[in-house]
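Working notes, beginning with the structure itself.
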Amino acid sequence: MPEVHGVLIVDDEPLARLGLRRAIEPMGGFDVLGECGDGVAALRSIEELAPDVVLLDIEMPEASAFDVLEALGTRPGPAVILVTAYSDHALDAFDAGAIDYVLKPVDPERLALALHRAVNSRAAGATPNAAFAGRVVTRLGGRMRVVPVEEIHSIEAAGTYVRLCTESESILHRESLAQIVDRLDPAAFARIHRSAAVALAQIVELTPAGHGDAEVLLRNGTRLPVSRSYRKELAARLRE
């Protein structure tokens, strides 16, 4: 059976997304995994869907295509094709790490060529996306903030938000604790309480606190409570 490659469409114009979807559907070998209307949603969908190729509009609200490419960095991930109405973006597209660019209005044959080029390029030199999130993308006012997972020491629930605690700051992020923990590598993070999770590598001490509860001491000096329902599992994880 021929291999099918997943595609994520990112454009703030619904008609543009529909046009790209209709151009891809009859091609064969490609499957549209999802659509996004802005750059922040695109980064989240890339983590969740692990597409092989991303078709990325340049000018979008919240974050431009170049912001998305910068956030993705050089780590293995999808091949990115920029979709733009302006040919003068071509050089910037390649400098930023895009595999190709396609001009609007999109010609289906040119799009097919770009998709096959992207897949071949990815097969030649890239590996699939990691199964777990490598970064958390949040919004600060009108800005997009990218927080690498390895910088997070602990995560604490704050109503409908969580606080991402790093060495030097606490960053408010709109996502439930359960949702964000589900996206993180369970070999690196563990729940310690119904309202908190920690990076296992940051724990230096686990001590009893009475009534079956416990307390962890992190490398930065922070102390957090461990409820009895999580204590046994945490102790076992630390012994691994």
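The values are calculated or read from the model by the stated rules, or taken from the named source; none is laboratory data. Given the structure is predicted, the values throughout are model-derived calculations rather than measurements. Because the Cβ atoms are built from the backbone with ideal geometry, glycine has one as well, and the counts that use them run over all protein chains shown.
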*For segment 220-231, what are the residues that are at negative phi and either assigned to a helix (DSSP H, G or I) or loosely packed, with under 13 Cβ neighbours inside 10 Å (or both)?*
Arg223, Arg228, Ser229, Tyr230, Arg231
_Any residue that is closer than 21 Å to Ala133 by Cα, touching a Phe, Trp or Tyr at 6+ places or on another chain (Cβ under 6 Å) and of a type outside the set (A, V, I, L, M, F, W, C) - is there at least one of those in segment 200-208?_
no
_Residue list for segment 148-179, filter: modelled with pLDDT under 90, under 21 Å from Gly73 (Cβ atoms) and either part of a helix (DSSP H, G or I) or touching a His at 6+ places or on another chain (Cβ under 6 Å) (or both)_ = Val149, Glu150
*Search segment 183-236 for residues being of a type in the set (Gly, Ala, Ser) and under 27 Å from the mean Cα position of the chain (by Cα), and hand back the single one that is nearest to Ser168 (Cα to Cα).*
Ala199
*asked:* Show the residue pairs meeting these rules: Cβ distance below 8 Å; 6+ apart or different chains; first residue within segment 218-240 and assigned by TED's automatic domain parsing to the domain that holds Pro208 and under 15 Å from Ser195 (Cβ atoms); second residue at pLDDT below 95 and in a helix (DSSP H, G or I).
replied: Val226/Leu234
*Do you know which residues across segment 30-64 are free of Cβ contacts under 8 Å to residues at least 40 places away in the same chain and in contact with a strand residue (DSSP E or B) (Cβ under 7 Å, 6 or more places away or on another chain)?*
Asp31, Val32, Leu33, Gly34, Glu35, Cys36, Ala42, Ser45, Ile58
*Which numbered condition trips up Asp57, out of (1) touching an Asp or Glu at 6+ places or on another chain (Cβ under 7 Å); (2) under 19 Å from Pro105 (Cα atoms); (3) surrounded by fewer than 20 Cβ atoms within 10 Å (Cβ to Cβ); (4) acidic (Asp, Glu)?*
(3)
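Is one or more of the residues making up segment 165-182 over 30 Å from Met60 (Cα atoms), without any contact (Cβ under 8 Å) to a residue 40 or more places away in the chain and touching a Lys or Arg at 6+ places or on another chain (Cβ under 9 Å)? Spell out how you get there, then give the answer.
Going residue by residue through segment 165-182, those that are over 30 Å from Met60 (Cα atoms) are 167-168.
Going one step further and asking which of them are without any contact (Cβ under 8 Å) to a residue 40 or more places away in the chain, we end up with 168.
Okay, now just the ones that are also touching a Lys or Arg at 6+ places or on another chain (Cβ under 9 Å), so none.
No.
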*Out of all the residues in segment 187-217, which are in contact with a Lys or Arg (Cβ under 9 Å, 6 or more places away or on another chain), outside any strand (DSSP E or B) and at negative phi?*
Ala187, Leu200, Ala201, Gln202
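Being modelled with pLDDT under 85 and loosely packed, with under 12 Cβ neighbours inside 10 Å, is that true of even one residue in segment 128-135? Before you say what the answer is, go through the steps one by one.
Start the filter on segment 128-135 by keeping residues that are modelled with pLDDT under 85, which leaves 128-135.
From what is left, the residues that are loosely packed, with under 12 Cβ neighbours inside 10 Å are 128, 131.
Looking through segment 128-135, at least one residue is modelled with pLDDT under 85 and loosely packed, with under 12 Cβ neighbours inside 10 Å.
Please find, within segment 23-54, the residue that is surrounded by the most Cβ atoms within 10 Å (Cβ to Cβ) out of those that are touching a Pro at 6+ places or on another chain (Cβ under 7 Å) and assigned to a helix (DSSP H, G or I). Break it down stepwise before answering.
Start the filter on segment 23-54 by keeping residues that are touching a Pro at 6+ places or on another chain (Cβ under 7 Å), which leaves 23, 29, 33, 38, 46, 50-54.
Checking the rest, the ones that are also assigned to a helix (DSSP H, G or I) come to 23, 46.
Numbers: Ala23: 20, Ile46: 25.
Within segment 23-54, the match that is surrounded by the most Cβ atoms within 10 Å (Cβ to Cβ) is Ile46.
If you check Arg223 against the conditions, is it out of contact with any helix residue (DSSP H, G or I) (no Cβ under 8 Å at 6 or more places or on another chain) and modelled with pLDDT under 90?
Details: out of contact with any helix residue (DSSP H, G or I) (no Cβ under 8 Å at 6 or more places or on another chain): yes; modelled with pLDDT under 90: no.
Here the answer is no, as Arg223 does not meet what is asked.
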